[in-house]
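Inspection log for the structure reproduced underneath, given as structure tokens.
The values are calculated or read from the model by the stated rules, or taken from the named source; none is laboratory data. Predicted model only: the values in this text are computed from it and were never measured. Virtual Cβ from ideal backbone geometry, glycine too; neighbours counted across all protein chains shown.
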Amino acid sequence: MSQDQLKSAAAESAAALVKDGMIVGLGSGSTAALAVNAIGKRVREGLRITGIPTSEDTAAQARALGIPLTDLGAVSKIDLTIDGADEVELGTLNLIKGHGGALLREKIVANVTQRMVVVVDDSKLVQHLAAKFPVPMEVVQFGWQATARQLEALGANPAMRQNAEGKPFISDGGHYILDCAFADVHAESLARELDHIVGLVEHGLFIGFAKEVHVAAASGVRIMTV
């Protein structure tokens, strides 16, 4: 199976968890988009849900599929969120997210979700987070250089994310993203330190959010839980 076929298999597996009447968080990124497509198909077949998108791109996709949408001003909790991940740490199911640039909204949605389900192919599974993938950091544009220096003091090597025109990438929230490589990381302790950096809006370490991960491999889809 190709990587796209593997991603589709994981997305279909997670989308099957959506039930009538649910408030559903709709994730961002290539694999999450496949899950949104699968949910849209079920909506066309009669499934009644309300979605909360984690990015403007996902909102546009959901509207095109006919998925009814709301926002967090109208609901106090989300029953189920389906999202992708850049890395999934074996054993803990801690995540790195943010390659698609939607980490702030993704974490806000995850924080009020009762059950967060992650969809990946098996290439995303790692023994330790950030061993090969940088940690995205969403930072305020004003004084971003000062924020970058604070990140450097924690051992990061920050790189400004750029768009297709070679200019700084701007998130849906109007912020820059610094992709921070680390030589050695203990994800949980690093997350606590990052929470105190002024100018850092949010980081891509998702600690303790995922309840289960649907992993697609050549042998089929398996479900990992904590």
Of the candidates Glu45, Glu106, the one satisfying the condition of being within 29 Å of Gln162 (Cα to Cα) and acidic (Asp, Glu) is Glu106
Under 8 Å by Cβ, and 6 or more places apart or on different chains, what pairs join a residue from the stretch 12-32 that is outside the structural domain of Thr54 (by TED's automatic domain parsing) and buried (at least 21 other Cβ atoms within 10 Å of the Cβ) with one that is of a type in the set (Gly, Ala, Ser) and assigned to a helix (DSSP H, G or I)? none
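Under the condition of being surrounded by 11 or more Cβ atoms within 10 Å (Cβ to Cβ) and among the aliphatic types (A, V, I, L, M), which residue from the stretch 65-78 is nearest to Ala102 (Cα to Cα)? Working first, answer last.
Within the stretch 65-78, the first condition is being surrounded by 11 or more Cβ atoms within 10 Å (Cβ to Cβ), and the residues that meet it are 65, 67-70, 72, 75, 78.
If we keep only those that are among the aliphatic types (A, V, I, L, M) as well, we get 65, 67, 69, 72, 75, 78.
On the way: Leu65: 20, Ile67: 20, Leu69: 18, Leu72: 16, Val75: 21, Ile78: 18 Å.
The selected residue is Leu72.
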Please work out which one of (1) of a type in the set (A, V, I, L, M); (2) within 30 Å of Ala9 (Cβ to Cβ); (3) not assigned by TED's automatic domain parsing to the domain that holds Gly73 is the condition Leu95 fails and give its number. (3)
Report whether or not Thr81 is touching a strand residue (DSSP E or B) at 6+ places or on another chain (Cβ under 9 Å), crowded, with 22+ Cβ neighbours inside 10 Å and farther than 19 Å from Ala210 by Cα. no
Of the conditions (1) surrounded by fewer than 19 Cβ atoms within 10 Å (Cβ to Cβ); (2) of a type outside the set (Val, Ile, Thr); (3) out of contact with any helix residue (DSSP H, G or I) (no Cβ under 8 Å at 6 or more places or on another chain), the single one that Ala59 does not satisfy is (1)
Is the stretch 161-180 home to any residue that is among the β-branched types (Val, Ile, Thr) and in contact with a helix residue (DSSP H, G or I) (Cβ under 9 Å, 6 or more places away or on another chain)? yes
